[in-house]
Amino acid sequence: MPDPLTSFVALVGQRSLQAVREVGYHAALLVEAFYWLLFGRWRRQPVRLSAVFKEAVGVGVNAIPIVALASFAVGMMLAIQGIYTLRTFGAEGQVVLGISLSVTREFAPLITGIFVAGRSGSAIAARIGTMQISQEIDALRVIGINPVRYLVAPLLAAMLLTLPALTILSDLIALFGGALYCAGELSLPMGIFFDRSFEVLVADDVIHGVLKSFIFAVIITLIGTANGFNVSAGAEGVGQATTRSVVLGCIGIILADMVFTFLMSR
Amino acid sequence: MNASDLAIDVKNLVTHYGTRKILDGISFQARQGEIMVIMGGSGSGKSTLLRHLLGLHQPTSGSISLLGKDITQLSADAMYDLRKNMGVAFQGGALFNSMTVGENVELPLREHTRLDENTMRIMSRMKLEVVHLAGFENLMPSELSGGMIKRAALARAIVMDPRLLFFDEPSAGLDPVVSAELDELILILRDAMNMTIVVVTHELESAFKIADRITVLDQGRILMSDTVAAVRASDNERIQSLLNRTPRNEAINPDEYMERLTREIF
Ligand SMILES: Nc1ncnc2c1ncn2[C@@H]1O[C@H](COP(=O)(O)OP(=O)(O)O)[C@@H](O)[C@H]1O
Ligand SMILES: [Mg+2]
């Protein structure tokens, strides 16, 4: 009989091995997707622009309403909390600075990333997982179509194009939400709010947020597609893959955000 | 038999799923222009053998030559070229659910040729004509019946006029009339296009009707690979029981039985 300690150590070992393997799989997927994007043309298997555009509409354009709504609410919420906190110091005039920096550096990329992960991460995993169990992935391979080139590469390109754009849109809308509240609460005209905001913001702040969104784009794409490809057991497997890709996607985004912010603020 | 007449030449193929040996020492050959039926009970390894013939898995050992090229040694580019000469109809059809029937059939042309839209459309309609699906090109796969899906998959498999055609379980899940029609179609394809056709099936009737030669698989080994007449006349016990549909009742080896029951229990 195995004693509890040995089996615990064995379990930890297995789990770690599995995690390492999974990270390795994601890394390989990323390298291969970039390979096809850059060199597919020379291998007679280009990544089609039409496919990239189709994905860009799916993951980017269609996400505009929800990201806009969330950003507006977050901007307004930041204004409410900011004024409330700063009032204790009698410094509510500084609220513009607080909103501008936290929106561009933190909230816009995070909100955009989380919402796209929730919307598209699950959809990607479900689509590829379903193709896996109905043998459509095998059908692609026997036709001579590399599944990474055909399914992952266009998606990665679309994410890398649209997520930064969505983040900038989110910047503007969140600032608008903040400005609207300040106009009511502090009688601060919207024009002045934006003037002051653009005065304090330097290009670095916006770039900081946009850089994060590139990382989030990679995370969402890899986790969604990898979970899809690894589906093996029927409809239940597809369900698990979608849940997993949303949960892991969101966690991945938050952890990456923390690490990135830590490294960049030193 | 001249080696250059061989469309398929499998030598000593051994394969595993994980640590479990699935195919053991498989060797068989198929000549150009003949219909080779791979027959065997459920779980005998037919689909596994087919997946290896399609180059979807790397075998543990052994060689698989298709049209004179050993696919276990082939470079990715050479395999890509070889795939233009291979067509596959999967058991469940594996039609791409996001595309119409017509787009499904056109896909191999789109990937492998530089034909213009109209030519591709005409060629795909010609193949749909062959499988009696003319006029259905604008339907989605979900709008087709089981028999129609298999025929559409067949149209996609032959759209490049491949020299090798693989067909997994053409009659599974179909009523006798529809499955007889599919058998008819397979014979027509062989005669009209001189294709080498590999059909995997567990249906005896269909096997005897279409086969030039039959390879009988049983628990991962080949029982025999010979002409229809020879298989019918075989006095091998397992083949006879397959032909007469008698259940297997081999004597149990007590040691193996104990080993199976206690395996992987510490
Ligand atoms: N993906 C897989 N992973 C592990 N074992 C498998 C897998 N697919 C098939 N097998 C096993 O391989 C054996 C042969 O299966 P298969 O080739 O599907 O047989 P057949 O097509 O003749 O019914 C079966 O015992 C099956 O359990
Ligand atoms: Mg099978």
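Descriptive notes on the structure:
- Within the range B:150-183, the only residue that satisfies the criterion of being outside any strand (DSSP E or B), within 16 Å of ligand 1 (Cβ to nearest atom) and closer than 17 Å to B:Val130 by Cβ is B:Pro170.
- Qualifying residue in the range B:252-259 (condition: over 18 Å from B:Leu50 (Cα atoms) and under 14 Å from the mean Cα position of the chain (by Cα)): no
- Residue selected from the range B:91-142 under the condition in contact with a helix residue (DSSP H, G or I) (Cβ under 6 Å, 6 or more places away or on another chain) and in contact (Cβ under 8 Å) with a residue 60 or more places away in the chain, by the criterion surrounded by the most Cβ atoms within 10 Å (Cβ to Cβ): B:Leu95
- Test for B:Asp77: is it charged (D, E, K, R) and more than 18 Å from B:Met195 (Cα to Cα): yes
- Counting the residues of the range B:43-73 that are on the phi > 0 side of the Ramachandran plot, away from ligand 2 (no atom under 16 Å from the Cβ) and in contact (Cβ under 8 Å) with a residue 40 or more places away in the chain gives 3.
- Which listed residue is in contact (Cβ under 8 Å) with a residue 24 or more places away in the chain, in a helix (DSSP H, G or I), farther than 24 Å from A:Arg119 by Cα and β-branched (Val, Ile, Thr), from A:Thr243, A:Thr261: A:Thr261
- Those helices (runs of 4 or more DSSP H) of the range B:45-134 in which 1 or more residues are within 14 Å of chain A (Cβ to nearest Cβ) and hydroxyl-bearing (Ser, Thr, Tyr) occupy B:46-53, B:76-83, B:117-130.
- Residue, nearest to ligand 2 (Cβ to nearest atom), within the range B:200-220, restricted to residues that are acidic (Asp, Glu) and over 15 Å from B:Ala172 (Cα atoms): B:Asp218
- Test: residue in the range B:73-85 that is in contact with a His (Cβ under 6 Å, 6 or more places away or on another chain) and modelled with pLDDT of 90 or more: yes
- Residues located in the range A:140-154, provided they are within 14 Å of chain B (Cβ to nearest Cβ), in contact (Cβ under 8 Å) with a residue 40 or more places away in the chain and assigned to a helix (DSSP H, G or I): A:Pro147, A:Val148, A:Arg149, A:Tyr150, A:Leu151, A:Pro154
Quick grid of which residues meet (1) closer than 30 Å to B:Arg110 by Cα; (2) under 18 Å from the mean Cα position of the chain (by Cα); (3) surrounded by 22 or more Cβ atoms within 10 Å (Cβ to Cβ):
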| position | (1), (2), (3) |
| --- | --- |
| A:Ile99 | no, no, yes |
| A:Ile114 | no, yes, no |
| A:Ala117 | no, yes, yes |
| A:Thr130 | yes, no, no |
| A:Ala153 | yes, yes, yes |
| A:Ala165 | no, yes, no |
| A:Gly184 | no, no, no |
| A:Val200 | no, no, no |
| A:Val206 | no, yes, no |
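- Candidates B:Leu174, B:Leu139, B:Leu185 - the one that is of a type in the set (A, V, I, L, M) and in contact with a Ser or Thr (Cβ under 7 Å, 6 or more places away or on another chain): B:Leu139
- Filtered residues of the range B:184-237 (kept if in a helix (DSSP H, G or I) and within 16 Å of ligand 1 (Cβ to nearest atom)): B:Leu204, B:Ser206, B:Ala207
- Test: residue in the range A:155-162 that is part of a helix (DSSP H, G or I) and within 14 Å of chain B (Cβ to nearest Cβ): yes
The values are calculated or read from the model by the stated rules, or taken from the named source; none is laboratory data. All values reported here derive from a predicted model rather than from experimental measurement. No Cβ is skipped: glycine too gets one built from the backbone with ideal geometry, and neighbour counts run over all protein chains shown.
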